[in-house]
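J.: Quick one: the structure is below, and I'll ask about it shortly.
The values are calculated or read from the model by the stated rules, or taken from the named source; none is laboratory data. Quick caveat: nothing in here was measured; it's all calculated off a predicted structure. Positions of Cβ are generated from backbone atoms using ideal geometry, with glycine treated the same way; all protein chains shown enter the neighbour counts.
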Amino acid sequence: MGTEALLLVLVAALAHALWNFAAKTVPDGGAVFVQLYVVVSVVLWVPLAGVWLFVLHPTAPDLGWLLGAVVCGVLHVIYSVTLQRGYEAADMNVVYPLARGTGPLLTVAVSVLVLGERPPLLALAGGLVVVAGVVVIATGWVGAASQHMRRTGVAYGIGTGASIAAYTLWDDHAVNALAVPPLPYFALGLLAQCLLLAPTTWRQRVRAGEVWRDYRRQVVAVAVLSPLAYVLVLQAMRIAPVSLVAPARETSIVVGSLLAWLVLREPHPARRLLGSAVVLVGIGLLVAG
C-alpha cells in the first residue's frame, strides 16, 4: 500500500476510534442519537460538498450518483443503529473490535474471491494479521455473570461487522465503478440517512430533545469525526485496493481498546496491549507489501 493511502487510512482510523468512544458514552440514545448526529453532519458537511462540487471541481451529477447515495444511506442506517444498540447492551471492548474485525475479514474475502482483486501476498498477510490482532483484543475468558453481556456483544459486533463489509464494498463500487466523487457521494448519503431516520425521530421528538440536551457534545463530536474518517477512507479507496484499505483502517482498534481501558475502565488491559501489538505488526506488513 502506498504512503499516501496509508496516511489517509491512519488519520481516518484515529478519527473513527474517537467518535466511537464518544458514541459509547451515550448509554440510551439509540436511533434518536444516530439521527441527531446525522442531522448535524448534514449541516456541517453538505455545504462543504456543495463548494467542492460547484466551485472547486465543477461536475455534472448523474443518476448513478443518486443510486449510490440511496444504497449508501440504507446500509449506513443499518450499521449505525446496530452499533449504537450494541454499545447500549455490552462493553465497547467486545462490540468495537469484533465489528471492526469482522468487517474487513468479510471485505477481503469478497474482494479477492468475488471481485478478483489480487493484492501482494505480503500485504494480504498483513491484513489477516490485523484481523488476528482484533480477535485477540475482543476475546478472552469472562466470568459467568458476564456471559450474557459477552454473547450480546458478540452478536451485535458480528452484525455490525457484516454491515461494515456491505457498505465498504458498495463504497468501493460507488467511487470507482460509478465514479462518484467521495465528498459529494458522502453528502448525498447523509441526506438519504436523514430521510430514512426522520419518521422514527418524529415519533420520538420529545426524546430527541432530551438526548440533545444531555449529549450535545457527543452528537457534535460524532458529526465531525465520523464523516472525516469516512471521506478519508473513500479517498484511499481511489488509490489503493479495498482488500488492503479495509484491514488497514482497523488500526482504530488500538486507540479504541486503549480508550476503553484507560477511560471507561473496562477490564483485561494485558490482552488489549497484546492485540494492539499484533495489529501494529500487521500494519507493518501492509506497508512492506
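J.: Can you name the residue in segment 28-59 that is of a type outside the set (D, E, K, R) and not in a helix (DSSP H, G or I) and is also surrounded by the most Cβ atoms within 10 Å (Cβ to Cβ) among such residues? Don't jump to the end; show me each part of the working.
T.: Taking segment 28-59 as the starting set, the residues that turn out to be of a type outside the set (D, E, K, R) are 29-59.
Those still in the list that are not in a helix (DSSP H, G or I) too: 29, 57-59.
Working: Gly29: 26, His57: 11, Pro58: 8, Thr59: 14.
Selected residue: Gly29.
J.: Return the only residue of Pro227, Pro199 being out of contact with any Leu (no Cβ under 7 Å at 6 or more places or on another chain) and closer than 18 Å to Pro181 by Cα. Give the derivation first.
T.: Values: Pro199 fails: closer than 18 Å to Pro181 by Cα.
So the residue among Pro227, Pro199 that is out of contact with any Leu (no Cβ under 7 Å at 6 or more places or on another chain) and closer than 18 Å to Pro181 by Cα is Pro227.
J.: Have a look at Ala208, Ala221 and point out the one that is within 15 Å of the chain's Cα centre (by Cα), assigned to a helix (DSSP H, G or I) and touching a residue at least 40 places away in the same chain (Cβ under 8 Å).
T.: On the way: Ala208 fails: within 15 Å of the chain's Cα centre (by Cα).
After ruling out the rest, the residue left standing is Ala221.
J.: Can you name the condition, by its number, that Arg100 falls short on among (1) at pLDDT 75 or above; (2) charged (D, E, K, R); (3) under 21 Å from Ala17 (Cβ atoms)?
T.: Against the list (1) at pLDDT 75 or above; (2) charged (D, E, K, R); (3) under 21 Å from Ala17 (Cβ atoms), Arg100 comes up short only on (1).
J.: Go through segment 230-273 and report how many residues are modelled with pLDDT under 80 and farther than 15 Å from Ala123 by Cβ.
T.: Looking only at that region, the number is 22.
J.: Another question, if that's okay. List, please: which pairs have Cβ atoms under 7 Å, are six or more places apart or on different chains, and start with a residue in segment 73-99 that is in contact (Cβ under 8 Å) with a residue 40 or more places away in the chain and over 24 Å from Ala192 (Cα atoms) and end with one that is hydrophobic (A, V, I, L, M, F, W, C) and not in a helix (DSSP H, G or I)?
T.: So the pair list comes out as Met92/Leu264.
J.: Further question: What is the residue count in segment 46-72 for residues that are in contact (Cβ under 8 Å) with a residue 60 or more places away in the chain and under 23 Å from Ala166 (Cα atoms)? Step through it out loud before you land on a result.
T.: Going through segment 46-72, the residues in contact (Cβ under 8 Å) with a residue 60 or more places away in the chain turn out to be 46, 48-50, 52-53, 57, 59, 61, 64-72.
Keeping just the survivors that are under 23 Å from Ala166 (Cα atoms) gives 64-72.
Count: 9.
J.: Could we say that Tyr185 is closer than 19 Å to Val231 by Cβ and under 15 Å from the mean Cα position of the chain (by Cα) here?
T.: Working: closer than 19 Å to Val231 by Cβ: yes; under 15 Å from the mean Cα position of the chain (by Cα): no.
The answer is no for Tyr185.
J.: Quick one: count up the residues across segment 1-14 that are buried (at least 21 other Cβ atoms within 10 Å of the Cβ) and assigned to a helix (DSSP H, G or I).
T.: Taking segment 1-14 first, the residues buried (at least 21 other Cβ atoms within 10 Å of the Cβ) are 1, 5, 8-9, 12-13.
The next check asks that each one be assigned to a helix (DSSP H, G or I); those that pass are 5, 8-9, 12-13.
Here the count works out to 5.
J.: Please tell me if Ile137 is in a helix (DSSP H, G or I), within 28 Å of Ala240 (Cβ to Cβ) and at pLDDT 85 or above. Break it down into steps so the answer makes sense when it comes.
T.: Working: in a helix (DSSP H, G or I): yes; within 28 Å of Ala240 (Cβ to Cβ): yes; at pLDDT 85 or above: no.
No, not satisfied.
J.: Now a separate question. Among the residues of segment 2-40, write down those that are of a type in the set (Gly, Ala, Ser) and touching a Ser or Thr at 6+ places or on another chain (Cβ under 7 Å). Give the steps one after another, and end with the answer.
T.: Here is the first cut: in segment 2-40, the ones of a type in the set (Gly, Ala, Ser) are 2, 5, 12-13, 15, 17, 22-23, 29-31.
Hits for segment 2-40 are Ala13, Ala17, Ala31.
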